[in-house]
Each structure stands twice: as structure tokens, then as C-alpha cells.
């Protein structure tokens, strides 16, 4: 009996959570729930609006749970517009842009991280400073360049002029600084050349950073409207962002088709992130460790 009484006394002596702490946790939870709703609701409204019957998108704008849904907008999108071609153009152009940008960023970042040469730090600073130049100031010169090269209405004309990314080079450099130099020197002692070291050792160890940049570059070009709008004039060459923007002009405003096209355009990026999310988190977590 004495032991049981002492146990009861010990349990009762444990400090209880203060009401103020409980209230703060509840408020914090409510804040994050509201924040999540604020981020998710526009996406939900876009999907629901794409499923509303024609002409009801603004009439029932505040009806978040409509009783009547229709796939007519999606059917019209594929029957009356070259939406399938736009989607294919976006996939091919986005893939080409991401691969080209990754090649430039990985080679440039590797050189700045692991090679010792005169003016290396100055070159790195100049690359970062170039990021401060607004892209709009370069549009005319870039367009004249692709005209001289005969790249208008071509995929490469939309990809090459904007493929170099100072932020991407910085990101890769910081990550590759964390790769041990002794590992690279051991490979050189074993007879590996720089090409073999880069492809067999450096790139596999930088996989999280590469996956992160692949998603960022894909998202950047997938949502890019200005530069493809300048390069392409023919509808069969346009990417998805430019094609969907054509649905709203001075003559017509087919917002139901815009919502359907935007919904379909969002799905590939979401799937890409879900597929590479683990590598992205690893890359973002490890990049800062390379600061020197």
C-alpha cells in the first residue's frame, strides 16, 4: 500500500502542460491548416472550374461543390485546338532545356569547385553578377542572334539562348565542394582521366543536386511564356503555356478551356516532383554544407 501511494504521489507530481502552451499549439496548428488551404484552394478551384458546364464558370464561381460536372471543356480542347501537339512540344522542349542547362551547370560548377586556375574567384563573381541583369534587357539581342543563326521557329532557338543559369552553376558548385578531393585524387592515381572522374565519380555523387535542378529547370521552362512567345509564331510549334494563352485574346475569352488546359499542364510537374521528391530534399539539405 505504501509503494502504491508513493507511485501515485510521483505521478501527481509530474508537471502538467500549461494552458498557455496548449493554446499556442492549437493556434499554430490552425495557422498551418489555413496556410495549407490557401495554397491548395486555388488549385482545387481551377480543377472544379474546368469541370463546370460552358458559361457557368463565373455564374457559379462561389459554388465550391457544384452538383453538375462536365468534361466538355477537355473534349473541346482536344477536338478544336492542337492541345496534344502543344503538350508534346512542351515535353520535348522542357526535356531539351533541362538536359542542356544541366550539362552547362554541372560542367561549369565542377570546374569552379575542383579546378584551381587564375581568376577562378573573379569568374565566379562575374557569373553571379550576370544574374542581376534583367532578362527583358537581353530579349532584342537574343532574338536578333537566333535570326542570324536561323533558329526562329525551332526548338533549339527556344532552348539555347536561355539555357545558361548562373544560379544553377552556383548551386552545383556549392554541392560539389562537399565532395572529398581525396576521392578524386585516388581516381587520378588509378589512371582515370578527368572525363572518367566527372562521369563516373562526380555526377553519381551529385545526384541529389542534379535531381533538384532538373525539377527547377523543368518548372522554369514549362511555365515560361515570354521567350517561347517571341520565338514561335506557328501554332504547331508552340509549347503548352503559349498555346493556352492563345485561348484568351481580343476576340474571345474561353476561360473554361483555359482552366482545363491549366489543369492538364499542372499534372506533369506534380508527378515529376512526387517521383524525385526524395532526391530534391537531399539536394536542398546538402547544398549548404559545401560553403567555403
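In this simple spin-label approximation, residue 41 and residue 135 carry label points 7 Å from Cα along the Cα→Cβ vector, and these lie 3.0 nm apart.
Highest mean packing comes first when the peptides 266-273, 71-78 are listed by Cβ atoms within 10 Å, giving 71-78, 266-273. Taken along the Cα-to-beta-carbon direction at a fixed 7 Å, the label points for residue 205 and residue 147 span 4.8 nm. On full extension, the segment bounded by residue 235 and residue 180 gains 14.8 nm, given 0.36 nm per residue less the C-alpha separation. Helices in the chain, meaning DSSP H runs of at least 4 residues, each add -39500 (n - 2.57). Divided by all residues, the mean residue ellipticity at 222 nm is -21500 deg cm²/dmol. Averaging the sequence gap over all C-alpha pairs within less than 8 Å and six or more residues apart, then dividing by the number of residues, gives region 154-286 a relative contact order of 32 percent. Of all the options 145, 238, 87, the one that moves most in a Gaussian network model of the chain with Cα springs shorter than 10 angstrom is 145.
Over the chain, Cα pairs under 8 Å with separation of 6+ residues give a relative contact order of 28 percent.
Under a Gaussian network description of the chain, with springs only between Cα atoms under 10 Å, the residue in 197, 167, 146 that fluctuates furthest is 197. Residue exposure proxy: 45, 227, 86, ordered by other Cβ atoms within 10 angstrom of their Cβ from fewest to most, comes out as 45, 227, 86. Checking [x] 49, 22, 18; [y] 38, 33, 18; [z] 42, 39, 16 against semi-axes √(5λ) of the Cα gyration tensor in Å calculated from these atoms, the matching label is [z]. Sorting 221, 175 from the fewest to the most surrounding beta carbons within 10 angstrom yields 221, 175. What does the C-alpha gyration tensor say about the overall shape of region 22-70? Classify as rounded when a/c is under 1.5, otherwise prolate if a/b is larger than b/c, or oblate. Because a/c hits 1.5 or more and a/b exceeds b/c, region 22-70 counts as prolate. As a proxy for reagent exposure, 258, 189 were ordered by neighbouring Cβ count within 10 angstrom, fewest first; the result is 189, 258.
Coordinate-derived values only; no laboratory data. All figures in this text were calculated on a predicted structure; none of them were measured in a lab. Neighbour counts run over all protein chains shown; Cβ positions are idealised from the backbone, glycine included.
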